[in-house]
Every structure is written in C-alpha cells, then in structure tokens.
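Working notes, structure below.
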Amino acid sequence: MHIVILGCGRVGSLLAGELDSQGHSVAVVDQDAKAFRKLGSDFGGITVKGVGFDRQTLENAGITRAHAFAAVSSGDNSNILAARVARETYGVEHVVARIYDPRRAEVYQRLGIPTVATVAWTSTQIMRALLPMGAQTEFVDATSSLCLAEVHIGEPWLGRKASDLADATAGRVAFLTRYGQALLPDERTVIQEGDLVHLLFDPDRRDDVEQICEKGR
C-alpha cells in the first residue's frame with residue numbers, strides 16, 4: 001500500500017517509521033524540511049516539503065495512487081482541509097485526521113472524515129494514571145460520547161449472563177477475554193471467574209457503571 005502522511009512531528013514520524021518497517025510505500029509531507037530528521041537514516045520512503053492541502057504537493061507525494069492518507073500536523077484546519085482534499089478530490093478511501101479541539105470532532109465526522117480527538121484521548125489517559133478506577137479505557141470515540149473499557153467485575157456478577165450486565169449498565173458487552181482468547185458474547189454467555197469484560201458505555205456514566213460492575217445490581 002502507498003500511504004501519505006501530513007505532518008512529520010512525533011506522531012507522524014513514528015507512524016511513518018512503523019509503516020515503512022512493515023514494507024508499505026510511505027510519503028511524508030511537512031512545511032519544515034528540518035522535521036524530516038525525525039524519520040531517521042533507515043527510513044525508506046519519500047519526503048515532500050510543502051503545504052499539506054496544496055494539490056501539487058500532494059501529487060508529488062503520490063496522492064493519486066495512495067490507498068490511505070493521515071493528516072497529523074499541528075494544525076486542526078490544515079488537517080481537516082487536507083483530509084477533505086484527499087477524500088473528495090483524489091478519492092482516497094482510507095482517510096483520518098487528528099484534531100486537537102474535541103468540539104470540532106463531531107462536525108468533521110459528519111463530513112465523513114474519521115477523526116482522532118487528541119485532547120480528549122490524552123486527558124482520559126492522564127486521568128486513568130492519576131485516579132485509578134474500575135474501568136481501564138481502551139478506546140474513546142472522536143466525540144467522547146462512547147467509551148470502550150475493560151471493566152472490573154465483582155463477585156456478584158460471576159455466574160450471571162453478560163446480557164444482564166449490559167442491561168444493568170445501559171451499555172453493551174463488546175467482547176470477553178477468556179483464557180487469552182477473545183469471545184463474542186451471545187444471550188447464553190455467562191461471566192466466569194477470570195474473564196476480562198470489555199464494555200461499551202457512555203463515559204459520562206463511568207462512576208455508575210463502575211459501581212454496578214463492582215457491586216452488582
């Protein structure tokens with residue numbers, strides 16, 4: 001696959017290096033040529049100096065043959081504009097934009113551009129480190145309205161159905177990890193001792209969800 005990355009900061013350079021090491025064709029775009037030093041001497045892709053939403057710059061980076069485009073520069077406006085150009089002008093199928101302002105994320109999602117709301121995700125991770133709780137966050141959507149977390153299950157839930165837990169928390173059991181294997185629950189699935197339960201729920205209800213998972217209902 002050929003992948004174009006806008007932004008050669010910490011995220012962009014790490015992403016480019018990982019994709020390059022996996023054997024993908026990678027092009028990195030940045031306005032500052034000095035930023036490409038972060039890629040290291042073993043980077044096998046190409047670098048293009050220029051504005052990320054400029055068509056000539058994108059074409060120099062191979063956007064016309066790209067399978068995917070990631071906009072991870074330091075500017076929200078640049079990222080979303082470049083992502084829209086990649087999607088709407090060049091028809092790139094897989095496009096994602098990093099957004100620092102989570103309030104904009106929902107708007108951009110409606111435009112059909114998957115976004116990663118950096119501030120919302122980072123603050124959640126920091127809160128987990130400072131205030132350990134009964135649910136370990138694994139994913140928060142771009143609008144911070146849905147959370148996937150591994151929840152701590154108290155003894156009252158052992159032997160009860162996963163669907164009962166979902167009903168009690170107003171959430172959904174996405175999957176269980178049992179003996180190291182992922183398991184998709186159905187109406188008959190019973191929670192066993194040692195199961196890791198991965199629950200989807202509204203993050204605004206985290207305290208209630210943790211209490212229910214710990215003490216039962």
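Laid out as a table, the results:
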item: Along principal axes, Cα extents of segment 2-118, largest first, whole Å; result: 39, 26, 25
item: Shape box of segment 133-215 [Cα atoms, principal axes, largest first, Å]; result: 33, 25, 22
item: Computed log₁₀ I(q)/I(0) - Debye formula, equal Cα scatterers, no solvent, the chain, q 0.13 Å⁻¹; result: -0.82
item: With at most 11 other Cβ atoms within 10 Å, longest stretch of the chain clear of loop GluC sites (Glu not before Pro) (DSSP); result: 94-186
item: Label-point separation in nm, residue 179 to residue 150, each point 7 Å along Cα→Cβ; result: 1.9 nm
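The numbers here are math on the coordinates, done by the rules we state, and not lab data. Source: prediction; values computed, not measured. FYI the Cβ positions are ideal-geometry reconstructions off the backbone, even for glycines, and counts take in every protein chain you see.
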